[in-house]
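Take a look at the structure below.
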Amino acid sequence: MLLLYLLPLHYKEKSPTTYKVARWVYVIANFVALSANLCDCAYFPFTGRRTTWNVLEEFGNDSNILAIVAHEALPYWYLVVVGIGCGIVLWKCFSRPAANYHERFGRLWYYYASQLVMLVIAAGLTVGGMRGGFTTAVRPITISNANQYVNKAIDAGIVLNTPFSIFRTIDKKALVERNYMPMSEAQRLFDPVHVPSDSVQFKAMNVVVLICESFGTQAQKGGFMPFVDSLAHVGRSYEYSFANGRKSIDGMPSVLSSIPSFVEPFFLTPASLNDLSGIAGELSRHKGYHSAFFHGAENGSMGFEAFARSSGFQQYFGRTEYKQDMRYNGDADFDGTWAIYDEPFLQFYCDKMSEMEQPFVTAVFTASSHSPYSLPEHCRGKFKEGPTPLYACVGYSDNALRKFFDKASKQPWYSNTIFVLTADHATAADAIDPEFKSDQGLYRVPVIIYAPSMPHLTGVDTTRIASQADIMPTVLGMLGYDRPYVAFGQDLLNSDASGSCAINYLPGNDYFQYFEGDWMLQFDGEKMVHAFKFKEDPTLRHDLNGHHPETMERRMKSIIEQYMYRMNHNEMLCK
């Protein structure tokens, strides 16, 4: 409709057809959208969420769908009346420019110039509205962005509207429920409900989680992260540790809520509005912890603020809060594209924790090792170069972490803190060794646990399989957390090494990948397609499909089945 109105062709002003078409487009589009919202006035009390595309698909094969709708609409006749009234108002209030509209400008060139300018402005505002902002730090908004404005997941329906919810979930097939086995058997093979023993005693230690942009294992083994490598040896780390997704928006749910990314990023699925468990939520709700999430990009960027709130973080500190702190240089420390540089932002992070009441749980997501790989002027040329600009930025961020730990070690809360360091994802495009370009290597990220008060917790574990999803249950296990919770990971310090596993999703091939023991299995949801002994064959040259242990395949299927069921039925939180 905007295009029909603003397209700079003066002949359209005299054509009644143009504005008839515009009127029908305007009325039909808005009438359908308003009607969808009115339908949810009746449907929302039953579902607790806005209608999404999967709800429409659920009734897509019913031949009598019109009769069903008519029958269900009878008790809500007043909404039908309101809908008809809206349609009448839309039709009556539509107006078109006068037929001599272009002649009022006096000169035809002025008409064309002004209309073209207005078209460009309208197009820019439209794109900005769709994306949720005008900076490069934002991505097109999705339904999960509503979480940043509410305290309870169910209240997100107030922020959202139904047409938007439907559009943003079209073709999102992430949560297809499976029935590989009876649910009782699935739970026997892998139970996501973690129930503590009666003998556990809770220890109120602080928790600090550092999620480092693109800190893949390749960069660590290549010598580009000397501080992180040293931390891996003074703390507990894992030779075989994996990300549960391929994007930044995959990493945050995996690390903080033990939610792997299957098929679509969790943020983009209807389940993003579920009641969620998480490190922050469990500790702040039940143990009185102060909780805060930090990210140096524009507030709301990448949907991080929304997820932080939905998973239980009470406060959010972003670029806005950094600029308000007079101890720092504000936007003088902005990289010009993405976020505040890591070195000053991590110092800000440390200062803010020192102002918090203990115990606290915090997380920070670094940003400087993200494209376009910008470094502060005084740091250029000071860090080890690699085949791509990523590696010098990783070196800069690694040094920023060293300075953060130097400062943190002088704070009174340091000795009573559990630090966890991992990456959001690896970056296969920048891999040097063939091993890290393979389907297993492109998920390799460090998982490091360091607690100054636990000197026994050191060394590299070469026996277990670890993943980002294990961080939440491991930290809660270290604290002696005494309540049940839902997590699709395992306690790395208090579980059997032989049963340790990791699962992720390979989007290019639509494969689930499952790691256990020496094996990596690739599964398309229906059948096994590949199997490799990834430890002895890291480049995955020898397909051993059919020779893998059947128990591993069934355990993988049990995880997928329970994940899909719990997501669709809003069972990710023990109440």
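The values are calculated or read from the model by the stated rules, or taken from the named source; none is laboratory data. If you're wondering where the values come from, they're calculated on a predicted model, not measured in any experiment. Note: ideal-geometry Cβ built from the backbone for every residue, glycine included; neighbour counts use all protein chains shown. Please note that ligands, DNA and RNA were not included when accessible areas were found on the heavy atoms of the full protein model with its side chains. Shrake-Rupley method; radii C 1.70, N 1.55, O 1.52, S 1.80 Å.
Please give the net charge around Thr18, taking every other residue with its beta carbon less than 11 angstrom from that of Thr18, where Lys and Arg add +1 and Asp and Glu add -1.
+4
Can you compute the FRET efficiency between Leu3 and His456 using 1/(1 + (r/R0)^6), with r the Cβ-Cβ distance and R0 = 60 Å? Round to the nearest 0.05.
Efficiency, rounded to the nearest 0.05: 0.35.
Order the following by accessible area, largest value first: Thr551, Thr52, Thr126. Probe radius 1.4 Å; ligands, DNA and RNA are ignored.
So the residues, ranked largest to smallest area, are Thr551, Thr126, Thr52.
For a Förster distance of 51 Å, can you work out the FRET efficiency between the beta-carbons of Leu74 and Ser498, rounded to the nearest 0.05?
After rounding to 0.05, the efficiency reads 0.30.
Between Tyr563, Gly83, Phe164, whose Cα lies farthest towards the positive end of the dipole of the chain when Lys and Arg beta carbons carry +1 and Asp and Glu beta carbons carry -1, centred on the Cα centre?
It is Gly83, whose Cα lies furthest towards the positive end.
How many times 2.2 N^0.38 Å is the alpha carbon radius of gyration of region 409-526? It would help to have the intermediate numbers written out before the result.
Working: Rg = 16.3 Å, N = 118, 2.2 N^0.38 = 13.5 Å.
Region 409-526 yields a ratio of 1.21.
How large is the accessible surface per residue of the chain, computed with a 1.4 Å probe and reported in Å² as a whole number?
Per-residue accessible area for the chain comes out at 44 Å².
Which value, in Å² rounded to 10, gives the accessible area of Trp24 with a 1.4 Å probe and all protein chains present?
Around 140 Å² of this residue is reachable by solvent.
Express the relative contact order of region 432-544 as a whole percentage, based on alpha carbon pairs under 8 Å and six or more residues apart in sequence.
Once divided by the residue count of region 432-544, the mean separation gives 22 percent.
Going by accessible area, probe 1.4 Å, with all protein chains left in place, what is the ranking of His547, His233, largest first?
Sorted by accessible area, descending: His547, His233.
What is the local net charge at Ser500, summed over the other residues whose Cβ is closer than 14 Å to its Cβ (Lys, Arg +1; Asp, Glu -1)?
Numbers: positive: Arg236, Arg464, Lys535, Arg555; negative: Glu239, Asp461, Asp470, Asp491, Asp496, Glu516, Asp518.
With Lys, Arg at +1 and Asp, Glu at -1, the net is -3.
Non-local amide H neighbours of Asp461 (under 5 Å, H modeled in plane, Pro and chain starts lacking H): which ones?
Ser237, Tyr238, Glu239
Which net charge results when you count Lys and Arg as +1 and Asp and Glu as -1 among the other residues whose beta-carbon is under 12 Å from that of Cys39?
-1
With unit charges on the beta carbons (Lys and Arg positive, Asp and Glu negative) and the dipole taken about the Cα centre of the chain, which residue among Phe334, Ile432, Ala123 sits farthest to the positive side?
Highest projection toward the positive end goes to Ala123.
Mind pulling the angle between the C-alpha long axis of helix 77-93 and the longest principal axis of the chain? Nearest 10 degrees, somewhere in 0 to 90.
Orientation of helix 77-93: about 60 degrees from the principal axis.
Hey, what did region 102-244 get for relative contact order, percent, Cα under 8 Å, at least 6 apart? Provide the component values of the computation, followed by the final result.
On the way: 34 pairs, mean separation 10.9, N = 143.
This gives 8 percent for region 102-244.
Any idea of Glu357's accessible area? Nearest 10 Å², probe 1.4 Å.
Ignoring ligands and nucleic acids, Glu357 comes out at about 150 Å².
From largest accessible area down, sort Trp77, Trp413; use a 1.4 Å probe on the protein chains. Provide the component values of the computation, followed by the final result.
Details: Trp77 160, Trp413 5 Å².
Highest to lowest solvent-accessible surface, that is Trp77, Trp413.
Before rounding to the nearest 500, sum -39500 (n - 2.57) across all DSSP H runs of length at least 4 in the chain and divide by the residue total; then give [θ] at 222 nm in deg cm²/dmol.
Computed ellipticity for the chain at 222 nm equals -11500 deg cm²/dmol.
Post the alpha-carbon centroid distance, region 197-214 to region 299-365, in whole angstrom.
Taking the Cα centre of region 299-365 as reference, the centre of region 197-214 is 20 Å away.
Could you tell me the ratio Rg/Rh of region 192-332? Both radii from Cα atoms, Rh via Kirkwood.
My calculation puts Rg/Rh at 0.98.
Given charges of +1 on the Cβ of Lys and Arg and -1 on the Cβ of Asp and Glu, with all other atoms neutral, how large is the dipole of region 317-365 about its Cα centre, in debye to the nearest 20?
Rounded to the nearest 20 debye, it is 80 debye.
On the accessible surface of the chain, probed at 1.4 Å, how many percent belong to carbon and sulfur atoms? Show your work: numbers first, answer last.
Values: 14440 of 25170 Å².
Roughly 57 percent, rounded to a whole number.
Kindly report, to the nearest 10 Å², the accessible surface of Lys247 as traced by a 1.4 Å probe over protein heavy atoms only.
110 Å²
With a Förster radius of 41 Å, plug the Cβ-Cβ distance of Ala67 and Glu536 into 1/(1 + (r/R0)^6) and report the FRET value to the nearest 0.05. Each step should come with its number before you reach the end.
Values: r = 62 Å, r/R0 = 1.51.
Once rounded, the FRET efficiency stands at 0.10.
Please compute the volume of the convex hull spanned by the alpha-carbon atoms of the chain and report it per residue in Å³.
198 Å³
Measuring from centroid to centroid over Cα atoms, what is the spacing of region 18-48 and region 486-528 in Å?
So the separation of the two Cα centres works out to 43 Å.
Multiply the residue separation of Phe167 and Ser409 by 0.36 nm, subtract the distance between their alpha-carbon atoms, and state the gained length in nm to one decimal.
Gain on extension, Phe167 to Ser409, equals 82.2 nm.
Once the dipole of the chain is set up with Lys and Arg at +1 and Asp and Glu at -1 on Cβ about the Cα centre, which of His530, Pro376, Ala29 lies farthest towards its positive end?
So the residue furthest toward the plus end is Ala29.
What dipole magnitude, in Debye to the nearest 20, does the chain give about its Cα centre under +1 on Lys/Arg Cβ and -1 on Asp/Glu Cβ?
On the way: 50 positive and 58 negative charges, 378 e Å.
For this selection, approximately 1820 debye.
How high is the relative contact order of the chain, given as a whole-number percent (alpha carbon pairs under 8 Å, six or more residues apart)?
19 percent
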